[in-house]
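Asks: Before I ask anything, here is the structure I am working with.
The values are calculated or read from the model by the stated rules, or taken from the named source; none is laboratory data. What you are looking at is a predicted structure, and each value in this text was computed from that prediction instead of being measured. Backbone-built Cβ (ideal geometry, glycine too); neighbour counts: all protein chains shown. Just the protein is used for accessible areas: all its heavy atoms, side chains included, with ligands, DNA and RNA removed. Shrake-Rupley method; radii C 1.70, N 1.55, O 1.52, S 1.80 Å.
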Amino acid sequence: MIFFLHGADTFRAQQKLKEIQAKYQATYPNAIHVRDFDCAETRVEEAKSAVETISMFERKKLLIFRNVFQESAFEEFLFEKKQQLAESEHHVVVVAEMGEVKAKSTSPLYQWLKKNAKQQEFLPLSPSKARIWIEQEFQRYNLRATPRVQEELARAGGNNLWQLTQEIKKIAAWKKSEASGPVKESEVALLVHSRVEADIFATIDEIAQKNKKGSLALLYRHLQKGESP
């Protein structure tokens, strides 16, 4: 069995990898043959040994290959062994490319994985999906975020889930010492540092679309940066 995880949203790709690892450990609680290779820093001979060595004490071996497409020797090796690994009763293989795969169209391994592996591409979330993700993340801390709070956080962090996770953790820690109730916009303003750079073209676009809230937020950031009114 081969899993192929890739895409620009490295946060969700990493979460999926953890999910696969947890399921493997739950299925094989005494598993000792778990190998995690960073192909950019590992000799391909080590991977060959891990693939070819079968232990009589282990039903399945979990092999994780990161950054395969940064090292041609690993790419060629896995392409050569692709069918064997896909049909193997002794291996669970995860090819985890945390980020965009360069030269997608010219890589035989990439094309084969897309068609034959259990593949999942993690694209950046749209603004609406980012807000849904923010709401779900707050629920993990038993907190409720109003739509306006979700919008403000999405504006601050965009679809950078690494940053948004840290900001939500910060807010959750703050709320432990505060009165119960939904997360307030004032708390987001106090605790969250926006990544949005004041940009005159974005501001003009917001004004042209008659988006009062977006226009005022961007105008405020221009003033925060010390730009002339």
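Asks: LYS60 passes all but one of (1) over 26 Å from PHE11 (Cβ atoms); (2) open to solvent by less than 70 Å² (accessible area, probe 1.4 Å); (3) at pLDDT 85 or above; which number fails?
Replies: Of everything listed in (1) over 26 Å from PHE11 (Cβ atoms); (2) open to solvent by less than 70 Å² (accessible area, probe 1.4 Å); (3) at pLDDT 85 or above, LYS60 misses just condition (3).
Asks: (1) open to solvent by 30 Å² or more (accessible area, probe 1.4 Å); (2) assigned to a helix (DSSP H, G or I); (3) under 23 Å from PRO108 (Cα atoms): which one isn't true of PHE77, the others all being true?
Replies: That leaves (1) as the condition not met.
Asks: Would you check which residues across segment 63-74 are more than 21 Å from the chain's Cα centre (by Cα), within 14 Å of PHE37 (Cα to Cα) and surrounded by fewer than 18 Cβ atoms within 10 Å (Cβ to Cβ) and list them?
Replies: Of everything in segment 63-74, just one residue is more than 21 Å from the chain's Cα centre (by Cα), within 14 Å of PHE37 (Cα to Cα) and surrounded by fewer than 18 Cβ atoms within 10 Å (Cβ to Cβ), namely ALA73.
Asks: Also: Name the residue that is farthest from the chain's Cα centre (by Cα), counting only residues in segment 1-40 that are over 15 Å from GLU97 (Cβ atoms) and assigned to a loop (DSSP other than H, G, I, E, B).
Replies: If we take residues in segment 1-40 being over 15 Å from GLU97 (Cβ atoms) and assigned to a loop (DSSP other than H, G, I, E, B), then ASN30 is farthest from the chain's Cα centre (by Cα).
Asks: May I pose another question? State all residues of segment 128-141 that are under 17 Å from LYS170 (Cβ atoms) and out of contact with any helix residue (DSSP H, G or I) (no Cβ under 9 Å at 6 or more places or on another chain); if no residue qualifies, say none.
Replies: GLN139
Asks: Here's something else I'd like to know. May I ask you to list the residues in segment 89-110 that are open to solvent by 70 Å² or more (accessible area, probe 1.4 Å) and out of contact with any Phe, Trp or Tyr (no Cβ under 7 Å at 6 or more places or on another chain)? Don't jump to the end; show me each part of the working.
Replies: Step one: list which residues in segment 89-110 are open to solvent by 70 Å² or more (accessible area, probe 1.4 Å), which gives 89-90, 100, 102, 105-106, 108.
Within segment 89-110, GLU89, HIS90, GLU100, SER105, THR106 meet the criteria.
Asks: I'd like the residue in segment 11-37 that is touching a helix residue (DSSP H, G or I) at 6+ places or on another chain (Cβ under 8 Å) and either at pLDDT 95 or above or over 20 Å from HIS90 (Cα atoms) (or both) and, out of all such residues, is surrounded by the most Cβ atoms within 10 Å (Cβ to Cβ).
Replies: Looking at residues that are touching a helix residue (DSSP H, G or I) at 6+ places or on another chain (Cβ under 8 Å) and either at pLDDT 95 or above or over 20 Å from HIS90 (Cα atoms) (or both), I get PHE11.
Asks: Could you list, in sequence order, the residues of segment 96-127 that are in contact with a helix residue (DSSP H, G or I) (Cβ under 7 Å, 6 or more places away or on another chain), aliphatic (A, V, I, L, M) and closer than 28 Å to GLN166 by Cβ? Please lay out each step first, then the result.
Replies: To start, the set of residues in segment 96-127 that are in contact with a helix residue (DSSP H, G or I) (Cβ under 7 Å, 6 or more places away or on another chain) comprises 96-99, 101-102, 104, 107-110, 112, 116, 119-120, 122, 125, 127.
If we keep only those that are aliphatic (A, V, I, L, M) as well, we get 96, 98, 101, 109, 125.
Those that are in contact with a helix residue (DSSP H, G or I) (Cβ under 7 Å, 6 or more places away or on another chain), aliphatic (A, V, I, L, M) and closer than 28 Å to GLN166 by Cβ: ALA96, MET98, VAL101, LEU125.
Asks: Further, regarding this structure: Looking for something touching a His at 6+ places or on another chain (Cβ under 8 Å) and either crowded, with 20+ Cβ neighbours inside 10 Å or at pLDDT 90 or above (or both) - is there at least one such residue anywhere in segment 124-145?
Replies: The initial filter retains those residues of segment 124-145 that are touching a His at 6+ places or on another chain (Cβ under 8 Å), namely none.
No.
Asks: Continuing with the same structure: Which residues, taken from segment 41-57, are open to solvent by 50 Å² or more (accessible area, probe 1.4 Å) and part of a loop (DSSP other than H, G, I, E, B)?
Replies: Step one: filter segment 41-57 for residues open to solvent by 50 Å² or more (accessible area, probe 1.4 Å), giving 41, 43, 45-46, 48-49, 52-54, 56-57.
Answer for segment 41-57, where residues must be open to solvent by 50 Å² or more (accessible area, probe 1.4 Å) and part of a loop (DSSP other than H, G, I, E, B): GLU41, ARG43, THR53, ILE54, MET56, PHE57.
Asks: Is it true that ALA173 is open to solvent by less than 50 Å² (accessible area, probe 1.4 Å) and of a type in the set (A, V, I, L, M)? Working first, answer last.
Replies: Details: open to solvent by less than 50 Å² (accessible area, probe 1.4 Å): no; of a type in the set (A, V, I, L, M): yes.
So ALA173 fails the test.
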